[in-house]
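Everything below concerns the one structure shown next.
The values are calculated or read from the model by the stated rules, or taken from the named source; none is laboratory data. Computed from a predicted structure; not experimentally measured. A quick note on method: Cβ atoms are made from the backbone with ideal geometry, for glycine too, and the neighbour counts reach across all protein chains shown. Protein only, heavy atoms only, side chains kept; ligands, DNA and RNA dropped before computing areas. Shrake-Rupley method; radii C 1.70, N 1.55, O 1.52, S 1.80 Å.
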Amino acid sequence: MRTLIIGCGYTGETLGERLSSKGHEVTGICRNNTNNARLTELGILPLNLDITKTSEIHKIPNDYNNVIISVSSSRGGLDAYKNVFGQGIINISNWLRTQSSINSTVFISSTSVYRETKGEWVNEDNNNPPSNPTSKALWNAEQIVTKTGKPATILRSSGIYGPERGYLFNQYMKGIAKIDGKGERFINMVHRNDLVEAIIKSLSKPGGTYNITDDEPVTQFEFFKWLSSTTGRPMPPNAPPIDPATRKRGITNKRVSNYLFKQKFGYNYIYPTFREGLTEELNKRS
């Protein structure tokens, strides 16, 4: 089984290592060669190219069975984001159309495409196109990938955390976290390892759109309350609510359902809530 991971970063590296251990011949695309040695150690053949440059797409070999698109703008600004999820995805999709051996394509999207702001539950049937520029670019990328003529699965991931990753957790542990307003906004999270396992599961049944998020959306206040109780550290101070205009992906407030993926694939999360995942991280630091 030959598998191509386009965007071999935080999630892609772990995914590639898992697939390699299962006998896959894995190639991982990165923009530069900074992490080539580590990828090789993980059993991933590195391939360096910039997907936003049409002239470089020919460097991708043919005859892959699976393609996982897990790209990011590398913390770039709005223009970089639009370029990766615009021209970059167009280039990849045009390449996909030339391939005859692909059985499954998986595109890692985000639950930021849901624009709800009142704490509503959302599922895959909530299909109102977002208005925020970055979320709109991601939404458009989903549409492009599903129109290549190849079996395509869209996985909408909530905020990814795990080893050395987790924005609010790290802010809290550094003592610089703040509660936005009253902390009533819901946070949706998924552990990196659960996202990786979900991607692998999805390869067996190509097609469809699924939310990948843990079992329990939690308010920011309750999240910090648990951390405070668990670590014995004080609660963060309150701050004025964040201005949505200052955030690249805007500010939403929703509870994301993972029911459809669990039902379709019979998947039980390794880390069903943030508590299991962050307890593991805290134990590493003790």
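Below, the figures for the structure above:
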{"read-out": "Scope the stretch 87-117; condition touching a residue at least 60 places away in the same chain (Cβ under 8 Å), more than 30 Å from Pro217 (Cα to Cα) and buried (at least 23 other Cβ atoms within 10 Å of the Cβ); matching residues", "value": "Ile92"}
{"read-out": "Enumeration of residues in the stretch 8-19 that are surrounded by fewer than 22 Cβ atoms within 10 Å (Cβ to Cβ), closer than 21 Å to Asn83 by Cα and not aromatic (Phe, Trp, Tyr)", "value": "Gly9"}
{"read-out": "Selection status of Ser157, among the small types (Gly, Ala, Ser) and either touching a residue at least 24 places away in the same chain (Cβ under 8 Å) or open to solvent by less than 60 Å² (accessible area, probe 1.4 Å) (or both)", "value": "yes"}
{"read-out": "Cβ-Cβ under 8 Å pairs, at least 6 apart or on other chains, the stretch 39-56 side of a type in the set (Lys, Arg), far side open to solvent by less than 30 Å² (accessible area, probe 1.4 Å)", "value": "Lys53/Asn91"}
{"read-out": "Hits in the stretch 266-286 - residues which are exposed (fewer than 15 other Cβ atoms within 10 Å of the Cβ), touching a residue at least 40 places away in the same chain (Cβ under 8 Å) and farther than 20 Å from Leu227 by Cβ", "value": "Ile270"}
{"read-out": "In the stretch 251-265, the residues that are out of contact with any Ser or Thr (no Cβ under 8 Å at 6 or more places or on another chain) and without any contact (Cβ under 8 Å) to a residue 60 or more places away in the chain", "value": "Lys262, Gln263, Lys264"}
{"read-out": "Count of residues meeting criterion [among the polar types (S, T, N, Q), touching a Lys or Arg at 6+ places or on another chain (Cβ under 7 Å) and outside any loop (DSSP other than H, G, I, E, B)] in the stretch 102-155", "value": "7"}
{"read-out": "Answer residue from the stretch 12-43, given it is within 20 Å of His58 (Cα to Cα) and hydrophobic (A, V, I, L, M, F, W, C) and is farthest from the chain's Cα centre (by Cα) among those", "value": "Val26"}
{"read-out": "Subset tally (residues that are assigned to a helix (DSSP H, G or I) and either within 22 Å of Thr54 (Cα to Cα) or over 16 Å from the mean Cα position of the chain (by Cα) (or both)) for the stretch 1-11", "value": "0"}
{"read-out": "Test set (1) buried (at least 16 other Cβ atoms within 10 Å of the Cβ); (2) touching a strand residue (DSSP E or B) at 6+ places or on another chain (Cβ under 8 Å); (3) closer than 27 Å to Lys118 by Cα - Ala198 fails condition number", "value": "(3)"}
{"read-out": "Failed item, numbered, when Asn140 is tested on (1) more than 24 Å from Met189 (Cβ to Cβ); (2) more than 17 Å from the chain's Cα centre (by Cα); (3) touching a residue at least 12 places away in the same chain (Cβ under 8 Å); (4) open to solvent by 20 Å² or more (accessible area, probe 1.4 Å)", "value": "(2)"}
{"read-out": "Qualifying residue in the stretch 26-48 (condition: under 16 Å from Val145 (Cα atoms), touching a Leu at 6+ places or on another chain (Cβ under 9 Å) and not polar (S, T, N, Q))", "value": "no"}
{"read-out": "The stretch 167-186: number of residues that are closer than 20 Å to Thr279 by Cβ, in contact with a Pro (Cβ under 6 Å, 6 or more places away or on another chain) and either free of Cβ contacts under 8 Å to residues at least 40 places away in the same chain or open to solvent by 70 Å² or more (accessible area, probe 1.4 Å) (or both)", "value": "0"}
